[in-house]
Every structure is written in C-alpha cells, then in structure tokens.
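Structure first, commentary second.
Read-outs throughout are calculated quantities, based only on the coordinates presented, and are distinct from any laboratory measurement. Here the structure is a predicted model, which means the values were calculated and not measured. Glycine also receives a Cβ, built like all others from the backbone with ideal geometry; neighbour counts cover every protein chain displayed.
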C-alpha cells in the first residue's frame, strides 16, 4: 500500500459544480497535511494546510478524518481556472523534513 | 522578489557525464529539498536538508548527491547520470521544515540519453 494515495482522475466537471477529492494516508502518526495545486507541469503551490478542525478558504474546504486516515478537499462553484492537478502532501513524522506526496488528482472544469 | 531559482531549466546530456543542478533561495529558509516528478509516480523526495551541513535521504536518493555548505544553496549532483534519471526535478525551500509551506523552483527538465 502506498503511503499516500489519491485517485488520479481525471475529474471532468461543468462550471459551477461542486467536486470533492480524497487522499488516504497509511501512517496513523502523521500530523501535518497539505493540499498543493500544480498547473500543467509547473511548480506546485500551496493551496491550503489541513487542520484537525477543518478549514475553509473561500470556495475551498479541507477536512481531516483521523479515524479513517484520509483528508479531503471540497471545491464549490468550480471555475475554469480551477483546472489543475491537486496534490495531497503528508508529513508522516511531524518532525524532520520527510514529506510524502500523493500522485495527484487531475481536475478539468468545462464551460 | 522571494524566490527559489534552479538552473539549468532544461538539459539534455549523455550517460555518465557528471552534472550539477543548482538551487538557490533568497528567503533565508533553513529547510531545502529536492524532488523528482515522473508520470504516474508523482513527486518523490530525493534529499532534504534541515539546515547548513545537515542533509538526509528522502525516498529515492540512489544516484544523487547533495551538499549544503551555505544556507541559500542546495545543489543536486548526478555523478554518473543514467537514462532512468530522466525526469522533471524540483527544488523547494521552507521556513518550517517539513511542517510549513514549501516554495518551489520552476523545475529542471533533465534528459539523459
């Protein structure tokens, strides 16, 4: 089993749709979680950190489910500009510098 | 402007010819890291450095070397490149090690023939 797993997609959705991605992780001791966005082989950029209590930033909501060991990203009212690959990132030890990336979920928002 | 700069951005080389990909950041970050990205495999960590003179292996360190003599620079060295090292490479830095926001360079596309 991979340490961090994502459904690679692609998710094809119409503008205005709500779409959700999940990311599962295998190390139950993991403490730090992030969502990054990557456009067409460009450098990844932080979208949001994922906190235990969940967090929201505009149309984006991130949740953490420790019992089932997954994090989720919800995008409401999808825009064409949301088309990208979304990378789940986990720090499995909460200390040190080791980071595990999921392979990414591709989202394509259509007019 | 705060940034992570990688060079070269594109390189085609031949098997066995030593090469270095440079990485420099101007944000005074202590943490720096190298990743490679391959289709279907996502980003995989090669090496990381928590501070000057401190480096550690990531998940795929074989065939690579790094050094961290100064805080701002973290070069990636391929002593004897092989075709399986053909990949897109990213350098990143962070203020807070593995728990903070990573700032990535624009990437270096390397082809080894």
The stretch B:5-113, relative contact order [Cα under 8 Å, separation at least 6], %: 36
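Averaged across B:97-107, how many Cβ atoms of other chains sit within 10 Å of each residue's Cβ atom? Mind dumping the intermediate values first?
On the way: counts 8, 13, 11, 5, 6, 8, 4, 7, 1, 2, 4.
So the per-residue partner count for this stretch is 6.
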Residue of B:96, B:45, B:37 that the Gaussian network model of chain B assigns the largest fluctuation, springs spanning Cα pairs under 10 Å: B:96
DSSP-defined beta bridges in the stretch B:13-113 - what % are antiparallel, rounded to 5: 95
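Quick one: what do you get for the stretch A:50-102 if you divide its Cα Rg by 2.2 N^0.38 Å?
Ratio of Cα Rg to 2.2 N^0.38 Å: 1.29.
Shielding by partners for B:60-73, please: the mean number of other protein chain Cβ atoms within 10 Å of each residue's Cβ. Each step should come with its number before you reach the end.
On the way: counts 0, 0, 0, 0, 0, 0, 0, 0, 0, 0, 0, 0, 0, 0.
Mean inter-chain Cβ contacts per residue within 10 Å come to 0.
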Alpha-carbon centroid distance for the pair the stretch A:1-70 / the stretch A:78-104, whole angstrom: 6
Fraction of alpha-carbon pairs over 27 Å apart in the protein assembly as shown - percent: 33
Beta bridge orientation in chain A: antiparallel %, DSSP, nearest 5: 90
